[in-house]
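The values are calculated or read from the model by the stated rules, or taken from the named source; none is laboratory data. The structure presented is a predicted model; accordingly, all values stated were derived computationally and were not measured. Cβ sites come from the backbone with ideal geometry, for glycine too, and all protein chains shown count toward neighbours. Note: accessible area is taken over every heavy atom of the protein model, side chains too, but ligands, DNA and RNA are not part of it. Shrake-Rupley method; radii C 1.70, N 1.55, O 1.52, S 1.80 Å.
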Amino acid sequence: QVQLVESGGGLVQPGGSLRLSCAASGSTISIYNMGWYRQAPGEQRELVATIARGGMTNYADFVKGRFTISRDNAKNTVYLQMNSLKPEDTAVYYCAAGVYGMNYWGKGTLVTVSS
């Protein structure tokens, strides 16, 4: 079983950047597909990006060209580089891991995009 802890959230102005990190413990992430999801106030949780065990990535249309997901199996960490942030990117961002579907979730980190 893997435990996930997100960090790197905060307040940023529109057009700014943040890098989220997801540190895993209890198991190596190399055996898992990993993902970032987000949930805005009053909205359902939605997929942001995933990265498979082999490195293949997938992005939601609304972040393509702005966000980049990556993984460092040696550091047991997954990252989400977020550029050109918009107010509508404001949400709690969650890290997830799984083999068939996402079975393990972190508690989230809040990202607020506001001037």
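Results, tabulated for the structure shown:
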{"quantity": "Region 77-98 - residue that is more than 14 Å from Leu18 (Cα to Cα) and open to solvent by 30 Å² or more (accessible area, probe 1.4 Å) and, of those, farthest from the chain's Cα centre (by Cα)", "calculated": "Glu88"}
{"quantity": "Flag for Met56 being touching a strand residue (DSSP E or B) at 6+ places or on another chain (Cβ under 7 Å) and either open to solvent by 70 Å² or more (accessible area, probe 1.4 Å) or of a type in the set (A, V, I, L, M) (or both)", "calculated": "no"}
{"quantity": "Criterion: among the polar types (S, T, N, Q) and more than 12 Å from the chain's Cα centre (by Cα) - qualifying residue of Ser21, Ser30", "calculated": "Ser30"}
{"quantity": "Strands (runs of 3 or more DSSP E) fully within region 54-96 counting 2 or more residues that are not hydroxyl-bearing (Ser, Thr, Tyr)", "calculated": "67-72, 77-82"}
{"quantity": "Subset tally (residues that are assigned to a loop (DSSP other than H, G, I, E, B), open to solvent by 50 Å² or more (accessible area, probe 1.4 Å) and in contact with a strand residue (DSSP E or B) (Cβ under 8 Å, 6 or more places away or on another chain)) for region 100-113", "calculated": "2"}
{"quantity": "Of the criteria (1) over 26 Å from Ser115 (Cβ atoms); (2) open to solvent by 40 Å² or more (accessible area, probe 1.4 Å); (3) modelled with pLDDT of 95 or more; (4) not hydrophobic (A, V, I, L, M, F, W, C), which one Asp61 fails", "calculated": "(1)"}
{"quantity": "Set Val5, Val48: member being at pLDDT 95 or above and open to solvent by 70 Å² or more (accessible area, probe 1.4 Å)", "calculated": "Val5"}
{"quantity": "Subset tally (residues that are outside any loop (DSSP other than H, G, I, E, B) and within 16 Å of Lys107 (Cα to Cα)) for region 1-40", "calculated": "18"}
{"quantity": "Complete set of residues in region 17-39 that are of a type in the set (Gly, Ala, Ser), in contact (Cβ under 8 Å) with a residue 40 or more places away in the chain and loosely packed, with under 14 Cβ neighbours inside 10 Å", "calculated": "Ser17, Ser25, Ser30"}
{"quantity": "Output for region 44-61, where each listed residue is more than 18 Å from Ser27 (Cα to Cα) and either among the charged types (D, E, K, R) or within 14 Å of the chain's Cα centre (by Cα) (or both)", "calculated": "Arg45, Glu46, Leu47, Val48, Ala49, Thr50, Thr57, Asn58, Tyr59, Ala60, Asp61"}
